[in-house]
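No value in this document is a laboratory result; all are computed from the given coordinates. On a predicted model such as this, the values are computed, not experimentally measured, just so you know. Cβ coordinates were reconstructed from backbone atoms using ideal geometry, including for glycine residues, and neighbour counts include every protein chain displayed.
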Amino acid sequence: MACAGKVLIIVENLPVPFDTRVWQEAVTLNDNGYLVSVICPKGKSFTKDYEKINGVNIYRYELKVEGNGALGYLKEYYISYREQLKLAKKVYKEVGFDVIQGCNPPDNIYLIWKKFKKYGVKYVFDHHDLCPELFEAKFNRKGFLYKMLCYFEYLTYKNCSIAFVTNESYKKVAITRCKMDEKKVYVLRSGPNLKRLKLQASKQKIKKGKKYMVGYLGVIGKQEGIEYLLKAAKYLKEEKGRSDIFYGIVGGGPHLEYLQKLCKKMELDKDIEFTGRVPDQIMLDYLNTADICVNPDTYNEMNDKSTMNKILEYMALGKPIVQFNLSEGKYSAKEASLYAENNNYKDMADKIEFLLDNPEVRNKMGKYGRNRIEFELSWEHTSKALLNGYGKLLSQ
């Protein structure tokens, strides 16, 4: 097969192949004749400076500083920029590339592309997160730094040839806030890979003797709203007398230790288990065993506009969902979910209880969600936008 083009993907916040979206993009491009290289940080047991997996060249750098607070993030991003530029020069010399695809956050990767612009290299923006809204969600303020993030977001769009966005809300931001030509913005949803998310028999021992199980998968961070789930669990146990529910919370993150202590303080440590980060097989064991799954993401501008991978993964495994009434969460799940009043843990608890007490409703919602993924939202379907965008870009 003739080479369709050489692509360098740069991602700062997660290692590859741990970053599911970036890895799916890289493998899909490679499978369709592109020569793909990736630059990313080390971490999550991916510690080699270089390796080749499934035909994809992966170059990693050490990121010893992880941002905490505005100044911490600036330091992290500066170190990442320096290491990414060094590796980009190495990749260009050893392999070459026609395109740099920058995956945010942060919105500064286009600065690396500028060093290669004179060689005819094009820039593609893969918009993962709304950085201004993410800043507001983390620090509960706007101000000067918020405006600077809006400016860097605008410059990123100004310098890219095409952009891939995760949903229609992000596309609207690209067109209205960043003045991007609508024809150059492709909605590339992070559809789950059904070869990875396998349906399997439940393992009842995971429930620790409880009749029902509520599952959660994802990052354990501040904006994920897991405090609402803990409050809902306490309300169900103490106000509704529901001592028959086990909660399995799968994932790691900066808020994990705090939530474990809070869980113990709320006397829920025998009802709730935090697994931390686990291999895929253990994750599948927990989610396949769950009777329902939840997404307690706090309502804010960031979460309202973002597509959460966990929603799609729950649906892929045929699980009915309870979540708050967030715009993109509602678009993804539609009839596979019940929607609680935003940031209202009691309403979330009531909807959890309703589903647990109504198995026929659960089954109907689960089947709807699985079918929506299988026939509309799996990576097999959504990845067509990736190939369409690259095909048009490199044929110009």
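Would you mind telling me which residue in Asn325, Asn108, Asn54 has the biggest mean-square fluctuation in a Gaussian network model of the chain, where springs connect alpha carbons within a distance under 10 angstrom?
Asn54
Calculate, in nm to one decimal, what Glu380 and Leu262 gain on full extension: separation in residues at 0.36 nm each, minus their alpha carbon distance. Walk me through the intermediate numbers first.
Details: separation 118, 0.36 × 118 = 42.48 nm, distance 4.06 nm.
Going from the current span to full extension adds 38.4 nm.
Once both axes come from the Cα atoms, what is the angle between helix 70-94 and the longest principal axis of the chain, in degrees from 0 to 90, rounded to 10?
Compared with the principal axis, the helix lies near 50 degrees.
Hey, what angle do you get for helix 359-372 against the long axis of the chain, alpha-carbon based, 0 to 90 degrees rounded to 10?
Once rounded, one gets 10 degrees.
For Ala340, what residues show an amide H to amide H distance below 5 Å, using hydrogens built from the backbone and excluding near sequence neighbours?
When sequence neighbours closer than 5 places are left aside, the close amide H contacts are Gln323, Phe324, Asn325.
Hey, got a sec? Which GluC sites (Glu not before Pro) in the stretch 281-382 land in a DSSP loop and have at most 16 other Cβ atoms within 10 Å?
Hits after loop and neighbour filter: Glu341.
Between Asp357 and Lys86, 0.36 nm times their residue separation minus their Cα-Cα distance comes to what?
Full extension from Asp357 to Lys86 adds 91.8 nm.
Which order do peptides 271-278, 282-289 fall in by mean Cβ count within 10 Å, highest first?
Top to bottom by mean Cβ count within 10 Å: 282-289, 271-278.
Report the dimensions of the stretch 119-255 along its three principal axes from the alpha-carbon atoms, largest first, rounded to Å.
62, 41, 24
Just order 219-229, 136-146 by mean Cβ neighbour count inside 10 Å, highest at the front, would you?
219-229, 136-146
Could you work out how far apart the two model spin labels at Lys42 and Lys240 are, taking each label as a point 7 Å from the Cα in the direction of the beta carbon, and quote it in nm?
4.7 nm
Output the peptides 251-259, 290-298, 35-43 sorted from most to least packed, where packing is the average of other Cβ atoms within 10 Å over each peptide's residues.
290-298, 35-43, 251-259
Please list the non-local residues whose amide H lies under 5 Å from the amide H of Phe164, H modeled 1.01 Å from N, same-chain partners needing a gap of 5 or more.
Residues meeting the amide H criterion: Phe125, Asp126, His127, Tyr186.
Considering amide H positions built from the backbone, and no H for Pro or chain starts, which residues 5 or more places from Lys122, or on another chain, come under 5 Å of its amide H?
Those lying under 5 Å, H to H, from Lys122 are Val99, Ile100.
Give the distance, in whole Å, between the Cα centre of the stretch 135-190 and the Cα centre of the stretch 330-390.
Taking the Cα centre of each part, the stretch 135-190 and the stretch 330-390 sit 26 Å apart.
For the stretch 307-323, in order, what is each residue's ³J(HN,Hα) by Karplus, 6.51 cos²θ - 1.76 cosθ + 1.60 with θ = phi - 60°, in whole Hz (x at glycine and Pro)?
8, 8, 4, 4, 4, 5, 6, 4, 5, 4, 9, x, 9, x, 10, 10, 8
Counting only C-alpha contacts under 8 Å and six or more residues apart, can you give the relative contact order of the chain as a whole percent?
Relative contact order for the chain comes out at 13 percent.
If I stretch the segment between Lys114 and Ile175 completely, what's the gain in nm (0.36 nm per residue apart, minus their alpha carbon distance), one decimal?
That pair, Lys114 and Ile175, stretches by 19.7 nm at full extension.
Can you compute the FRET efficiency between Lys367 and Lys346 using 1/(1 + (r/R0)^6), with r the Cβ-Cβ distance and R0 = 45 Å? Round to the nearest 0.05.
0.95
For the chain, what value does the Rg/Rh ratio take when both radii are computed over Cα atoms and Rh is the Kirkwood radius, given to two decimals? Walk me through the numbers on the way to the answer.
Working: Rg = 21.4 Å, Rh = 21.9 Å.
With Rh from the inverse mean 1/r over Cα pairs, Rg/Rh is 0.97.
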